[in-house]
Structures are given as structure tokens and as C-alpha cells.
Amino acid sequence: MHDAKQRLFFALWPDASTSGALATIAQEVAVESGGRATAPGNVHLTLAFLGDQPAHIACDLSAAASRISAPAFDLVFDKVESWRKTAIAWAGVRSVPPPLVALHDSVARLLLATEIEPDNLPFAVHVTLARRVVTAVRRPLAPPLTWHVAAFALVASELSSAGARYRVLSSWPLIGNA
Ligand code: 2AM
């Protein structure tokens, strides 16, 4: 039987208020850098990019991800920078909270157990704000933006003529979430 492919990634997906705040910053940074702002509903932080996978894999991944037990944490975005190679501008954190590293490690172990090879790039904690930037950006984000991370998600990237649209397939709460 034909098994369609899905382009999948694990991500931290912001709540509506954080998403709105990041989208506003994305608009400012797009103007500043000459890039194109990330669409407001697409703002996220990638934990692991899985690429094209057979559609049935999402079920296996969801079952495995539901067994991850990790604490909630705060992410304080306090800088905006850009990468020349990929021409993206992004929001980042000076201090990476240990629970984020632990969650990333748990997801990496899950992928190993599922025999999926994510890309081997080191985990660079960033939220993409704008693409195709032409002017470099490197400045503090003032005031900083605090995102209370209360869940992580499995997301599908769907390409259309209007660009990529991300759809949360499942999400799992982190412990200690009020
Ligand atoms: P980003 O995290 O820098 O924005 C879905 O494509 C998400 O996975 C995007 O957020 C994207 O970049 C991230 N990603 C990581 N590695 C990728 C790759 N090799 N190809 C496409 N997207 C990738």
C-alpha cells in the first residue's frame, strides 16, 4: 500500500500570547534585516528535524513521546542575531536552561530507539524570525521575552504555493505546568 511521506519535526510550540509577542518581534526584525518575517502561526523552536518520513511513523513517535517525562521551564529570549549562511534572523537565549537540554536529549534518544536519524547538527537554540535576510542583525532583545515552556509537540511541515505551513499533530505536557 502507498505510504505517503510527511515532513516531521519535534518542536516547542508557543502559547498564543508568546506566539503573538514573537510574531511582533519577527515583523520588526524583518524590517531591520530586509528579510521576510515568519508567518505568525508558524513561530516555533525546533528540537529535532526528522525530514520526510513514512506517514505511519508519526503514530510510533507519538506513542514513544508520550512516555517522555520532563519538567516545564522558562526560556528567556534576550538576543536577536542572524546567520549569514542560511540568511535567517533568529531570537535566542544567553542562558540555555538545563531542562531544555534534557528534553532535547530525551527526544534524541527516542529517535535513536525508533531508528530515525535526525540531522546531526549541534542543537542551536533559536526561533527563526525572518528568512532571506540581507542585513546582519546582532543585538540584545530589550526587554527580554520570557516563554513558559509547558509542552512539546510533533509537527508536520506542509508545503504549498503560499509557503510552509506547520501543523501540530500531537503535543505532550511537561511536568509542573501550572
Ligand atoms: P529553523 O528551526 O531554523 O526555523 C521545519 O522545517 C523546521 O525544522 C524549521 O524550523 C527549520 O529550521 C527546522 N529544520 C532544521 N533542520 C532542517 C533541515 N535540514 N531542513 C529543513 N528544516 C530544518
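The values are calculated or read from the model by the stated rules, or taken from the named source; none is laboratory data. The structure displayed is predicted, hence computed values, not measured ones. No Cβ is skipped: glycine too gets one built from the backbone with ideal geometry, and neighbour counts run over all protein chains shown. The protein model used for the area step is the full one, side chains on, heavy atoms only, and it has no ligands, DNA or RNA in it. Shrake-Rupley method; radii C 1.70, N 1.55, O 1.52, S 1.80 Å.
Brief remarks on what is shown
- The accessible-area ordering, largest first, of the residues 24, 38 stands as 24, 38, per a 1.4 angstrom probe.
- Kirkwood hydrodynamic radius over Cα pairs of the chain, then Stokes diffusion coefficient at 25 °C and 0.890 mPa s, in µm²/s: 146
- When you filter the trypsin sites (Lys or Arg not before Pro) in region 56-85 for DSSP loop state and at most 12 other Cβ atoms inside 10 Å of their Cβ, you are left with 67, 84, 85.
- Debye intensity ratio I(q)/I(0), log10, region 95-149, q values 0.22, 0.23, 0.26, 0.29 Å⁻¹ (C-alpha model): -1.05, -1.09, -1.18, -1.28
- Full-extension gain in nm, residue 108 to residue 132, via 0.36 nm per residue minus C-alpha separation: 5.7 nm
- For the residues 39, 63, 153, a GNM of the chain with alpha-carbon springs under 10 Å puts the largest fluctuation on 63.
- Magnitude of the charge dipole, the chain, Cβ model with Lys/Arg +1 and Asp/Glu -1, debye to 20: 480
- Helix runs (DSSP H) in the chain reaching 15 Å along axis by Cα, Kyte-Doolittle at least 1.0: 98-113
- The residue 151 and residue 55 beta-carbon pair, evaluated with R₀ = 25 Å, returns a calculated FRET efficiency of approximately 0.65.
- Take residue 95: with every protein chain present and a 1.4 Å probe, its accessible area is about 80 Å².
- In the chain, the calculated helix contribution to ellipticity at 222 nm averages -8000 deg cm²/dmol per residue, counting -39,500 (n - 2.57) for every DSSP H run with n ≥ 4.
- Among 158, 117, the order of accessible area from largest down is 117, 158, computed with a 1.4 Å probe on protein heavy atoms.
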